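Note sheet for the following structure.
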Amino acid sequence: MKYIGNKTRLISFIEDCMKEKQINYQNQEVVDLFSGSGSVSEFFLKNNCKVYSCDNMNYAIAEQYRKLYFRKEPTFEEIEKEVQSNKLDDVLKYLNSLSGEKGYFYDNYCEEGSYQRRYFTVSNAMKIDAIREKIENWKTLLPVEKYQFLLGILMNEADFVSNTAGTYGAYLKIWRSMALKELTMQKPEFIQTGEIELFTDDVIHFTEKMKKVDIVYLDPPYNTRQYAANFHVLESIVVYDKQELNGKTGLREYSKQRSNFSIKANVEKEFEKLILQIKASWIVMSYSTEGILEREKIEEILAKKGIVTTFDKNYRRFKTNAWTDKNTNLKELLFICECN
Ligand SMILES: C[S@@+](CC[C@H](N)C(=O)[O-])C[C@H]1O[C@@H](n2cnc3c(N)ncnc32)[C@H](O)[C@@H]1O
């Protein structure tokens, strides 16, 4: 999925910094807080770690069920009667062959619907409806991991053909070429090492009850844009609560998922609370020099847990990104704290 703030292109920077601090990141127990698209969890899995991943958005956790949860292709005996096979390929083929339906996604997210929003073509919106409804019918038959895995595939493929510039703050007036492609459920690749547990939770609540681990990596949002508002369509696909949506862009109600880490007046207090709750040998944290919390403040709070080293790296975001910043002196920060 296209995800703002994902660390895919910064993994080698994070790895180099951990090497410099002589942190062992192989075969360790690791918590990934604010895990988003799961790119850092993926790195730790590839290093055979046991990972506990937490994000408060349902679409983020579904994405991680898609690409990180299973060590090999799952089979689907539970729906074998209907699909006439238990193989993943056949389940995906079955879902891809469903005829489109005029349901919630048609009504809310395409131009023929009641609100004429152009997030998806009419045929892709109808396909999302048909596939989402079928997965929901299977919910009572499938274990939660397989249900989430299929949702993750649908969400990811819908994102691929969405008519947006990267976030769902608005849809585009003109169709981008990818949006005109037909949505197709596709098999992910499977990572064969490590193990992961996934939690849809607020990090403050999650860390209240956490046991001590070797490494906690955290990647909080650094600006005032709320993920819940910017990825609301993906959340609707995964949650499927058929909310009545608001305004021209069809925003969901998201008060329970509003992040204090993106609210200037609350971020410092929330950050301190989180850091003090963490139990780990090492805390590794990504942030940006344009973040709403200052570098010195972060260092001061982390110092309450141990010895802090700060690394930085010049970093330019993609130009096409809807959140592009014109500030070319932008630096990516990595704080490493060796806890007492
Ligand atoms: C910068 S992104 C993380 C990117 C991730 N490391 C990756 O590589 O894709 C920040 C994430 O924090 C999540 N988030 C924000 N506030 C949160 C909170 N209070 N509890 C849990 N997750 C939160 C957002 O949903 C978003 O996925």
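Throughout, read-outs are computed from the coordinates displayed, never taken from laboratory work. All figures in this text were calculated on a predicted structure; none of them were measured in a lab. Backbone-built Cβ (ideal geometry, glycine too); neighbour counts: all protein chains shown.
Sorting 138, 175 by the number of Cβ atoms found within 10 Å of their own Cβ, with the fewest placed first, yields 175, 138.
Around the amide H of residue 251, modelled in the peptide plane, lie the amide H atoms of 246, all under 5 Å away and 5 or more residues distant in sequence or on another chain. Taking Lys and Arg as +1 and Asp and Glu as -1, the other residues whose beta-carbon sits under 13 Å from that of residue 143 total -1.
Using the Kirkwood radius over Cα pairs, work out the Stokes-Einstein diffusion coefficient for region 1-131 at 10 °C and 1.306 mPa s, in µm²/s as a whole number. Don't skip to the answer; put the middle values down first.
On the way: Rh = 17.8 Å.
Here the translational diffusion coefficient equals 89 µm²/s.
Across region 185-340, the relative contact order, built from alpha-carbon pairs under 8 Å that are at least six residues apart, equals 26 percent. Stretching residue 71 away from residue 338 to a fully extended chain increases their span by 93.0 nm, per 0.36 nm per residue minus the current alpha-carbon distance. Just from its helices, what would the mean residue ellipticity at 222 nm be for the chain, if runs of 4 or more DSSP H residues each count -39500 (n - 2.57) and the sum is divided by every residue, rounded to the nearest 500 deg cm²/dmol? It lands at -9500 deg cm²/dmol. Contact order for region 29-154, expressed relative to its length and based on alpha carbon pairs under 8 Å spaced 6+ residues apart, stands at 21 percent.
Could you tell me what a quarter of the Cα convex hull surface of the chain works out to, in nm² with one decimal place? Kindly include the intermediate steps, with their values, before the conclusion.
Details: hull surface 67.7 nm².
If you wrap the Cα atoms of the chain in a convex hull and average its projections, you get 16.9 nm².
Between residue 304 and residue 20, the C-beta separation translates, for a Förster distance of 30 Å, into a calculated FRET efficiency of about 0.85.
Quick one: putting +1 on the C-beta of Lys and Arg, -1 on the C-beta of Asp and Glu, what dipole do you get for region 6-153 around its Cα centre, in Debye to the nearest 20?
Result for region 6-153 is approximately 300 debye, rounded to the nearest 20.
Work out, step by step, the length gained on full extension between residue 212 and residue 116: first 0.36 nm times the residue separation, then minus their alpha carbon distance; give nm to one decimal. Display every interim value, and only then the final one.
Working: separation 96, 0.36 × 96 = 34.56 nm, distance 5.04 nm.
Going from the current span to full extension adds 29.5 nm.
Summary of the geometry: region 199-213 and region 237-290, compared by the centres of their Cα atoms, lie 14 Å apart. The H on the amide N of residue 305, modeled in the peptide plane, is under 5 Å from the matching H of no residue at least 5 residues off or on a different chain.
Counting every other Cβ atom within 10 Å of each residue's Cβ, 105, 190 order from fewest to most as 190, 105. Projecting the Cα atoms of 142, 165, 6 onto the dipole axis of the chain, where Lys and Arg carry +1 and Asp and Glu carry -1 at the beta carbon, places 165 farthest toward the positive end.
What number comes out for the charge environment of residue 245, summing +1 per Lys or Arg and -1 per Asp or Glu over other residues with Cβ under 13 Å away? If you can, show how the numbers build up before the last one.
Details: positive: 117, 242, 248, 252; negative: 107, 235, 241, 244, 253.
Neighbourhood net charge equals -1.
Couplings 3J(HN,Hα) for region 179-195, derived from phi with the Karplus relation 6.51 cos²θ - 1.76 cosθ + 1.60 (θ = phi - 60°), are 5, 8, 6, 7, 5, 9, 5, 10, 6, x, 8, 10, 8, 9, 10, x, 8 Hz, where x marks Gly and Pro.
Report the relative contact order of the chain, percent, no decimals, based on alpha-carbon pairs under 8 angstrom and at least 6 residues apart. Present the calculation step by step, with values, prior to reporting the outcome.
Details: 639 pairs, mean separation 67.3, N = 340.
Reported relative contact order: 20 percent.
Shape analysis of region 179-229 yields a ratio of the Cα radius of gyration to the Kirkwood radius, Rg/Rh, of 1.08.
Among 283-289, 125-131, 261-267, how do they line up from the highest to the lowest mean number of other beta-carbon atoms within 10 Å? All intermediate terms of the calculation are to be shown ahead of the outcome.
Details: 283-289: 21.6, 125-131: 25.0, 261-267: 15.6.
The peptides rank, most packed first, as 125-131, 283-289, 261-267.
3J(HN,Hα) along region 239-247: 6, 6, 8, 6, 4, 6, 9, 10, x Hz, from the Karplus curve 6.51 cos²θ - 1.76 cosθ + 1.60 with θ = phi - 60°, whole Hz, x for Gly and Pro.
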